[in-house]
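Just below is one structure, and these are the notes that go with it.
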Amino acid sequence: MTTNARKALPTINPQRCTGCGWCIAVCPPHVLSLQVQGTGPWGPKCSTLHDAPGCTGCALCAVRCPFDAIRMVRLTDREAR
């Protein structure tokens, strides 16, 4: 079975992300993680998509984010391959 639906992936805006972790908690396939921003080990954290192929595109992360830091972006046909 083939489909023309293109997958959408979460894009995180680091200026809006506070590192609260709500998106990570609701992600069913667990493809998001917190990464330290900057050089120090205790710097501010930002959510990161660490496993794009494992993402289902469900958008629960974007819906749950209280800071509107995540938006779903559809892949182009070339990127989806």
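Filter segment 24-60 down to residues that are surrounded by 13 or more Cβ atoms within 10 Å (Cβ to Cβ), of a type in the set (V, I, T) and modelled with pLDDT under 95, then give me how many there are.
1
Taking L9, is it at pLDDT below 95 and among the aliphatic types (A, V, I, L, M)?
No: the conditions fail for L9.
The values are calculated or read from the model by the stated rules, or taken from the named source; none is laboratory data. Only a predicted model underlies this, so the values are computations on that prediction, with no experimental measurement involved. Counting neighbours? That spans all protein chains shown, and the Cβs are built from the backbone with ideal geometry, glycine included.
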